Structure formats: C-alpha cells, structure tokens
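Notes for the one structure printed next.
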Amino acid sequence: MTTTEETERKCTNCHGPLRNLGVRHLHVGDDAGVLGVFKESDEDLLPVELHGCVACGKLDLYLPHLRKKS
Ligand SMILES: [Zn+2]
C-alpha cells in the first residue's frame, strides 16, 4: 500500500499529473515566537492536502475537508 496516488488534479504549471502526498498540518498562527512562547493549538494548525507534480515538482495545497469523496 502506497501513500501516493494518482489524482484527477492537473498541475497548474505544466498540466502534468499530480500525486496526492497526503495531509499535513501547517502552522498558521502568527504569534509563534512572540514573548518566547511557542503557542500551539488546533486553531493554529491548518490541515492541507499536498499534491506534487511528478513532472516539474510543483507543489499544490488543497483543503482536504473540501474534497468530495464518494
Ligand atoms: Zn508540473
């Protein structure tokens, strides 16, 4: 079982096939490092679905909860 899969998405750069690289969590909080405190909460983590182009290496981000899955 592989974590990558062909998707229906196309690269916005070269229109090549994108591979689903899985969901990661990005820090989006702007207060990290302020006052020397590294605050971490669910609100500061944005789940994003990574898609990488196998042809040119472009990386696209998508919101996984918006993806329709049947
Ligand atoms: Zn590409």
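Read-outs: derived from the displayed coordinates by stated rules, not from any lab. Values in this document were obtained by computation on a predicted structure and should not be read as measured data.
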Discussion item. Taking 0.36 nm per residue of sequence separation and subtracting the Cα-Cα distance, how much length would be gained by fully extending the chain between Leu26 and Val54, in nm to one decimal?
Written reply: 7.9 nm
Discussion item. Going by amide H atoms built from the backbone, whose H comes under 5 Å of the H on Gly16, apart from near neighbours?
Written reply: Cys11
